[in-house]
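Following: one structure in structure tokens, then a few remarks.
The values are calculated or read from the model by the stated rules, or taken from the named source; none is laboratory data. Note that the coordinates shown come from a computational prediction; the quantities given were computed from them, not determined experimentally. Quick reminder, even Gly has a Cβ in these numbers, built from the backbone with ideal geometry, and neighbours come from all protein chains shown.
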Amino acid sequence: MTTAQLLPPTGTCLPADLGVAEEWARISFRQPVSPAGFIDAAWWPRTLDLTAELPPLVDVLWTAGREINRITYHLLAWDPAPRRVQIQGRTVRLGGFTVGDPHTVTLTDPWGHERIDILVIAPSTDPAIAQRIFDIASAAEDPYRADDILDRANRTTTAHG
């Protein structure tokens, strides 16, 4: 599983507990990459403000050599956002829609060849449930849609809680 600052083991201090700036993306990608499945990654933003949350997310992707410049999202799932944002001197186009899955954001490259579908974990999600979502979503042959992953994570946590 490729990750960018996932949750530390239970019982350890999170960076927020230590007063460290929260500028890293909490994201987990499916590994190895597989054409099967519907979700390519799970992301746990801290707020519903796309302009604040996108810079660390696209930084992870740009660092990995992914030329993402367009992000589509469900309008009712996020705070209002502009149509374009500047991130590290690059323009990223945002497209908000009222159709589609409110639990996902889709990232594409300038040519439309690469598409990354990311399950969005609500900022208020309990850390144990968020970790379970990361685990399920990062499975290489994960056949589940966003709603299925969220249901399975909640059901598993409830069964063990």
### Query
Just checking, how many residues over the stretch 107-134 are over 27 Å from Asn69 (Cα atoms) and either in contact with an Asp or Glu (Cβ under 8 Å, 6 or more places away or on another chain) or among the polar types (S, T, N, Q) (or both)?
3
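I'm trying to understand the selection: among the residues of the stretch 7-54, which are modelled with pLDDT of 50 or more, of a type in the set (A, V, I, L, M) and under 18 Å from Asp135 (Cβ atoms)? It would help to see each step written out before you state the result.
Of all residues in the stretch 7-54, those modelled with pLDDT of 50 or more come to 22-54.
Those left that are additionally of a type in the set (A, V, I, L, M): 25, 27, 33, 36, 39, 41-42, 48, 50, 52, 54.
Within the stretch 7-54, Ala25, Ile27, Val33, Ala36, Ile39, Ala41, Ala42 meet the criteria.
Please work out if Ala64 is small (Gly, Ala, Ser), out of contact with any Cys (no Cβ under 6 Å at 6 or more places or on another chain) and at pLDDT 95 or above. I'd like the intermediate steps shown before the answer.
Numbers: small (Gly, Ala, Ser): yes; out of contact with any Cys (no Cβ under 6 Å at 6 or more places or on another chain): yes; at pLDDT 95 or above: no.
In short, no.
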### Message
Return the residues of the stretch 27-80 that are farther than 23 Å from Tyr144 by Cβ, aliphatic (A, V, I, L, M) and out of contact with any Pro (no Cβ under 7 Å at 6 or more places or on another chain); say none if nothing qualifies.
### Response
Leu50, Ala52, Leu54, Val58, Ala64, Ile68, Leu75
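Using the structure shown, decide if Thr98 is out of contact with any Pro (no Cβ under 8 Å at 6 or more places or on another chain), surrounded by fewer than 14 Cβ atoms within 10 Å (Cβ to Cβ), over 20 Å from Thr47 (Cβ atoms) and among the polar types (S, T, N, Q). Full working, then the answer.
Working: out of contact with any Pro (no Cβ under 8 Å at 6 or more places or on another chain): yes; surrounded by fewer than 14 Cβ atoms within 10 Å (Cβ to Cβ): yes; over 20 Å from Thr47 (Cβ atoms): yes; among the polar types (S, T, N, Q): yes.
The answer is yes for Thr98.
For every residue, the table says whether it meets (1) surrounded by fewer than 17 Cβ atoms within 10 Å (Cβ to Cβ); (2) hydroxyl-bearing (Ser, Thr, Tyr); (3) within 16 Å of the chain's Cα centre (by Cα); (4) at negative phi.
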| position | (1), (2), (3), (4) |
| --- | --- |
| Arg83 | yes, no, no, yes |
| Leu107 | no, no, yes, yes |
| Trp111 | yes, no, no, yes |
| Arg115 | yes, no, yes, yes |
| Ile121 | no, no, yes, yes |
